[in-house]
Amino acid sequence: MDNEMFSMVLDTLKKIEREKLTIETKLEMDKHGDFPEELIRFMLGPDVALHLIFVPSEYGGLGASASQIAYMSEEMAKIDMAIATSFLAICLGMDPIRVAGTEEQKDIYIRRIADEGLIVGYGVTEPEAGSNVQALKTKAERVLDEKGEVKGYTLNGQKQFVTNGGVADLYSILADTPEGPSFFIVEKGTKGLIPGEHEDKHGIRASNTAPVTLEDVFVPVENLVGGVEGAGLKEANKVFGYTRLMVATFGLAAGVSSLEKVIAYAKERVQFGTTLVEKQGYTHKLLVPNAVRLEAARAYIEEVAERIDSGEEDLQVEGSIAKYFATEVGDAMANDGIQALGGYGYIRDYEVEKIKRDAKIATIFEGTSEIQQSIISIFRLRTTLHTKGEYYRGMAEDLSGLPEETYGPMVARAIELLNEFLLVARRLKVTKSQYFMFLLADMMTWMEVARAICVKAGSEDWGKTPSAEFMSACARLFAREAVEKKIH
């Protein structure tokens, strides 16, 4: 998608915010837990069609880049994370078809999503199988024709926490076949497909979240995604780098939105003769550290999106790092946003309270923070051992060439220490402790994010623009914090 078209899409989103998603409307939807189906279908309709940004151009979409989709996701989540979650679910539900579907499946279903503005549900999580999708109990039994050939499948089981679960026109359902987990396309109205009641949630209350029960649901063999049994987990893993990056933008959006509201409040609120923004204890505790961490998260998200756009694959760990870091720092800023407004922060009308409730889910869905820590530590340690330390050694060498002002050389030395620490930890067999692996994940995450912001600072026009000075300051502060907290 060219920049002009992308700007038009963003302008359309801003217009919808002004006309249909005022603060009063959002607070009312949040209060009652109402899913705005009419609004969502309007946004999917032919006059707006915002969902086309997620759809490849060959199937009637706009063919946006990962960088554009990440930015769009952030902007939508800044307006309202519940609305953004409903749109993300459409993208999630389409992804198994986009990544692994047959050409016929893509041409039928992705094109229908584009042309008809279908709401899609992604049915993976189960009551007893959350992040551990290998434990799923939903079964898909083969149905044979008179010649003994497979003509379809009967699905039985229950899915939990399905975004758009109660309103979807189309579902991607993960079920266990004789050859292993597989995705199936199930349409609304199929006999035995029973959407449940909308959950009464802590946050993103305007997003429809419901269980979906499958009782002897028959689907034709043509609805087995990819036409091959047992490829479901592989299909899901293929898109985690991408989908978790999008959830990372939700965490970033929550943090930035809260920060912006706090700054506006602090400029006006006078205490003891001066505005809050003039009080160093206030700014240096509640504003500056959060602003720096959010900028670091943005640098890493942008870098991973650019790598996806360049055609790089196997970015599952990078997606986990982006999601883990951005959602945790976004949640922390949302929490500090309440503190920064004092008693007013606890009042619904000031919205920071809602942002905090919404922000929490980003640390949970698409894999909890603890799942991300496991992925990061296990796979990065494996890579370190496989390359005999060359992975992080190469990263450190690249950083060493940056100007000292970026603090890249300092981070490089810290990464070298991390590398040696990993090799020693393996020899001492302390990596058998899950808690220790979580600590390693934190060290790895902060070092890799620090590398990203130092590289971004190094690409700026040094000392000639306010943005360059700002990025230099952010890199310096974040690098210091990362090294002191995680490596020292």
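Structural remarks
- Under 17 Å from Lys137, Cα to Cα: lysines that are on another chain or at least 8 residues apart: Lys159
- Counting 0.36 nm for each residue step from Thr368 to Ala473 and taking away their Cα separation leaves a gain of 34.7 nm.
- Pairs of lysine residues in region 370-486 - Cα separation under 27 Å, sequence separation of 8 or more or cross-chain: 11
- Rounded FRET efficiency, nearest 0.05, which uses the C-beta distance separating Ser459 from Arg142 and R0 of 60 Å: 0.65
- Helix 466-486 axis versus longest C-alpha principal axis of the chain: approximately 80°, rounded to the nearest ten.
- Of all lysines in the structure, those lying under 21 Å Cα to Cα from Lys15, and not within fewer than 8 positions of it along the same chain, are Lys26, Lys78, Lys261.
- Extension gain for the segment Lys279 to Met5, taken as residue separation times 0.36 nm less the Cα-Cα distance, is 94.3 nm to one decimal.
- Rounded tilt (10° steps) of 232-268 against the dominant C-alpha axis of the chain: 40
- Sum of side-chain charges, Glu103 neighbourhood, beta-carbon under 14 Å (Lys, Arg +1; Asp, Glu -1): -1
- Degrees separating the helix 434-458 axis from the principal Cα axis of the chain, which is the longest one: 70
- Considering only Leu252, Tyr282, Tyr300, the residue lying farthest towards the positive end of the dipole of region 249-327 is Tyr282, judged by Cα position with unit charges set on Cβ.
- Calculated FRET efficiency for the pair Lys234/Lys485, C-beta based, R₀ 41 Å, to 0.05: 0.65
- For region 302-401, size of Cβ-based charge dipole, Lys and Arg +1, Asp and Glu -1, in debye: 480
- Region 169-238: GluC sites (Glu not before Pro) in DSSP coil with no more than 14 other Cβ atoms inside 10 Å: Glu179, Glu197
- Paramagnetic label zone (point 7 Å from Cα along Cα-to-C-beta, Arg41; backbone N under 12 Å) in region 114-145: 117-119
- Cα gyration tensor, region 355-441 - rounded (a/c under 1.5), prolate or oblate: oblate
- Options Ile113, Pro46, Ser65, ranked by Cα towards positive dipole end of region 3-118, top entry (Cβ charges): Ser65
- Against the rule of thumb 2.2 N^0.38 Å, how large the Cα Rg of the chain comes out: 1.01
- With a Förster radius of 30 Å applied to the C-beta separation of Glu149 and Ile378, the computed FRET efficiency comes to 0.15.
- Region 92-177: C-alpha gyration tensor shape, a/c 1.5 cut-off, then a/b vs b/c: oblate
- For peptides 91-98, 476-483, sequence by mean Cβ density within 10 Å, most packed first: 91-98, 476-483
- Net charge contributed by nearby residues that have their C-beta within less than 12 Å of Thr283 (K/R +1, D/E -1): +1
- Highest average first, the peptides 393-401, 270-278 ordered by how many other beta carbon atoms sit within 10 Å of their residues are 393-401, 270-278.
- Projecting the Cα atoms of Pro466, Ile376, Trp446 onto the charge dipole of region 370-486 (Cβ charges, centred on the Cα centre) puts Ile376 farthest toward the positive pole.
- Above-threshold pairs, the threshold being 23 Å between Cα atoms, out of Lys20/Lys106; Lys139/Lys234; Lys151/Lys188; Lys201/Lys234: Lys20/Lys106; Lys201/Lys234
Bear in mind that the values in this text are calculations on the coordinates, not laboratory data. Small disclaimer: the values here were computed from a predicted structure and weren't measured. We place every Cβ from the backbone using ideal geometry, glycine too, and count neighbours over all the protein chains shown.
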